[in-house]
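Asks: Sharing a structure here in structure tokens format.
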Amino acid sequence: MSFNVKEVAQLLKQAKENEKPYVFFTGAGCSVKADVPTATELIQEICKKFPIQVKNIDPEKDKYNYGKYMSALDKSERRELLKPHIIDNKKINWAHIALACLMQGGYIQRVLTFNFDSILSRACNLLGLHPSIYDFATANPHLYHLINDPSIVHLHGQGTGFVQLNTQEETLKHTEQLGDFIASTLNSNPSLFIGYSGNADEFFPLLEKKYSEQHRLIWTGRKQNIDQIEAESVKGFLKKNNNLTHYIGGIDADDFLIQLAKELECFPPELFSNPYRFLDQQLKNIQPYPLGDGLDILENLTGYLKEQAEKPLNKSLYTAVIHKYQNKESTKGLTEKAINDIMWAYDQQARYLRNQEKFEDSHRIYDQALAISTRHYGCLHNYALNLSDYANIKKDENLFNKIFELHEQAYKLQPFNADNIGNFGLSILRLACIKKDENLFKTAFEKFEISLGIQPDSLNFLGNYAIALSTLARIQQDEALFNKAIIEYQKALNIQPDDADILNNYGNVLSDLAKFKNDESLFQKAFAQYQKASKIRPNDTYNLACYYSLKNNLEVSKENLLHAEKYDSLPSNPHKHLSEDQDLNNIRQEQWFTELLERLKEKELKNKAA
């Protein structure tokens with residue numbers, strides 16, 4: 001039997017509620033993304049650095065025998081080998097941060113690790129958790145009942161300790177002393193093994209001997225299933241006890257542990273979600289500042305942290321700058337670089353607000369920024385794009401003069417910036433579509449052609465140019481413009497043949513030209529594009545519905561249109577779009593289509609009310 005992450009999370013939750021939290025056993029796989037090598041990688045390094053010492057070891061027969069290779073080195077050479085990876089390496093990977101979160105949440109009572117590194121203890125300390133640390137390479141294992149949890153137990157020693165157990169002889173001798181401790185652990189709490197293969201030391205036979213099925217045991221590994229596990233002893237053990245021992249395959253320690261912590265709602269830790277509140281809580285452990293000199297650095301800092309902690313992280317980091325530099329007067333005397341940094345903060349905050357669809361607030365931030373300086377390209381360009389999105393949604397012609405002015409100012413700062421020129425063309429195209437102004441379409445063409453002269457392989461510019469050409473082609477019913485649009489779509493597909501948006505739009509222009517020429521072969525080409533797009537995005541079936549409507553295949557059109565409704569893949573403003581799309585004329589009188597329009601209208605009204 002196997003479990004998914006959600007089910008493992010539920011098991012951990014149940015164990016916590018039963019006051020029997022899980023014990024985790026961790027191996028080298030938990031540390032690899034902190035640049036700590038695996039046993040196999042260390043063997044390769046030993047062969048490279050100490051070729052004389054290992055010359056009598058059979059490289060084929062013993063290629064996975066970590067203990068044998070380590071036994072060929074003296075203790076000084078082992079320390080030389082491990083020091084850069086264990087002691088000098090200060091990196092912390094996300095598997096250990098997630099483990100620390102689970103310990104902090106009370107879901108893990110104890111971590112027993114075969115690793116020498118201190119990554120887990122450093123991750124815990126980073127999050128304000130300070131578990132007890134035990135080095136069982138030197139401690140008396142018979143005193144395990146004195147362990148104070150939550151705890152980290154280094155079964156084979158620590159990198160900074162006096163003893164590290166590496167060889168087969170060392171781990172075998174030590175394992176014999178661990179019997180009572182391991183039996184007590186397995187019989188007292190459920191356990192989970194992660195990042196441990198079971199074939200690099202003498203511990204696994206002890207585990208197999210002491211496991212008595214008192215509690216559940218979960219074993220995770222990179223192999224997809226039990227039969228692919230290299231260690232026959234591990235494979236046999238898991239199959240023998242398969243009612244209570246469970247293998248979860250295809251596991252990356254970092255991914256699995258983060259997902260597990262997320263499921264249990266203890267990730268991300270507060271350090272990342274609100275560092276101000278986190279640091280304020282940590283400083284509460286410090287005794288009051290003792291000197292009466294009026295310079296109470298602790299009180300000053302905690303006051304600031306409390307104020308900032310009340311704000312969301314993604315706002316406070318930028319608004320702190322904005323509050324300090326609210327106008328041009330406040331930036332007098334600052335260097336150009338300092339002013340650019342301030343403008344960047346304004347830009348980031350405005351973009352954050354735009355992503356929250358708070359357009360007016362975003363525009364106010366940009367206006368405040370440009371009152372400080374009109375020489376920041378990012379603010380000018382991103383404001384123009386932001387305002388263009390808003391004007392397009394609102395169909396507000398009056399906003400476009402300001403949009404064009406912003407693009408012009410950005411152009412003066414960076415005249416060869418293809419993004420600004422291409423997005424200028426997009427803004428002109430949007431106004432052209434609203435006004436149905438053929439001259440504006442032609443001006444948009446010019447902008448797209450200039451931007452493509454600078455970046456000929458830009459999918460964004462090719463796609464927008466093709467949309468501009470095909471839109472005017474529909475208005476004028478101009479075959480030459482249809483063909484130009486087709487050429488641009490083909491260029492785009494040569495660059496990115498599996499872009500669903502381009503495939504759908506290419507299908508649309510082929511379909512429009514097919515209607516114009518009454519050409520069945522073009523209809524078939526359009527259908528082929530829709531089919532390719534649907535393989536990439538199976539739920540995006542609106543264009544197929546339109547195609548089948550045109551071909552008078554009403555039942556298949558219905559099936560595809562209702563599928564698009566179910567998976568929310570209808571075009572924007574769906575009620576208006578479906579009401580006006582002439583491709584759907586053949587199904588417009590169908591009762592189910594009338595009911596669909598009513599549902600869309602009702603949904604639209606509910607969204608407006610909300």
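Asks: Name every residue in region 576-602 that is touching a residue at least 12 places away in the same chain (Cβ under 8 Å) and within 34 Å of the chain's Cα centre (by Cα), in order of residue number.
Replies: Leu600
Asks: Of Ser470, Ser451, Ser511, which residue is in contact (Cβ under 8 Å) with a residue 60 or more places away in the chain and assigned to a helix (DSSP H, G or I)?
Replies: Ser511
Asks: Using the structure shown, decide if Ala480 is in contact with a helix residue (DSSP H, G or I) (Cβ under 7 Å, 6 or more places away or on another chain) and assigned to a helix (DSSP H, G or I).
Replies: The answer is no for Ala480.
Asks: Looking at region 169-211 only, could you name the residues that are at pLDDT below 80, within 19 Å of Pro37 (Cβ to Cβ) and touching an Asp or Glu at 6+ places or on another chain (Cβ under 8 Å)?
Replies: If the condition is that a residue be at pLDDT below 80, within 19 Å of Pro37 (Cβ to Cβ) and touching an Asp or Glu at 6+ places or on another chain (Cβ under 8 Å), then Thr171, Asn199 are the ones that fit.
Asks: Further question on the same structure: Taking region 319-361, which residues are charged (D, E, K, R), in a helix (DSSP H, G or I) and more than 25 Å from the chain's Cα centre (by Cα)?
Replies: Correct list: Lys324, Glu329, Glu336, Lys337, Asp341, Glu360, Asp361.
Asks: Now, a different point. Could you check region 124-138 and list, in sequence order, the residues that are part of a strand (DSSP E or B) and over 23 Å from Phe278 (Cα atoms)?
Replies: The answer is Ile133, Tyr134, Asp135.
Asks: If you scan region 514-564, which residues turn out to be among the acidic types (Asp, Glu) and either outside any helix (DSSP H, G or I) or out of contact with any helix residue (DSSP H, G or I) (no Cβ under 9 Å at 6 or more places or on another chain) (or both)?
Replies: Hits for region 514-564 are Asp519, Asp540.
Asks: While we're here: Quick check: anything in region 9-28 closer than 28 Å to Lys90 by Cα and of a type in the set (A, V, I, L, M)?
Replies: Within region 9-28, one or more residues are closer than 28 Å to Lys90 by Cα and of a type in the set (A, V, I, L, M).
Asks: Moving on. Without any contact (Cβ under 8 Å) to a residue 40 or more places away in the chain and not in a loop (DSSP other than H, G, I, E, B): is that true of Lys235 in this structure?
Replies: When the stated conditions are applied, Lys235 passes them.
Asks: Out of all the residues in region 403-410, is one or more touching a residue at least 12 places away in the same chain (Cβ under 8 Å) and in contact with a His (Cβ under 6 Å, 6 or more places away or on another chain)?
Replies: Checked against the condition, which is being touching a residue at least 12 places away in the same chain (Cβ under 8 Å) and in contact with a His (Cβ under 6 Å, 6 or more places away or on another chain), region 403-410 yields at least one hit.
Asks: If I filter region 16-23 for residues that are surrounded by 13 or more Cβ atoms within 10 Å (Cβ to Cβ), at pLDDT 85 or above and assigned to a helix (DSSP H, G or I), do I get at least one hit?
Replies: yes
Asks: Regarding Asp296, is this residue without any contact (Cβ under 8 Å) to a residue 12 or more places away in the chain and surrounded by 12 or more Cβ atoms within 10 Å (Cβ to Cβ)?
Replies: Yes: the conditions hold for Asp296.
Asks: Among residues belonging to region 88-120 that are over 20 Å from the mean Cα position of the chain (by Cα), part of a loop (DSSP other than H, G, I, E, B) and touching a residue at least 60 places away in the same chain (Cβ under 8 Å), point out the one that is farthest from Tyr144 (Cα to Cα).
Replies: Gly105
The values are calculated or read from the model by the stated rules, or taken from the named source; none is laboratory data. Keep in mind that what you see is a predicted model, and the values were worked out from it rather than measured. Here the Cβ is made from the backbone with ideal geometry for all residues, glycine too, and neighbour counts use every protein chain on show.
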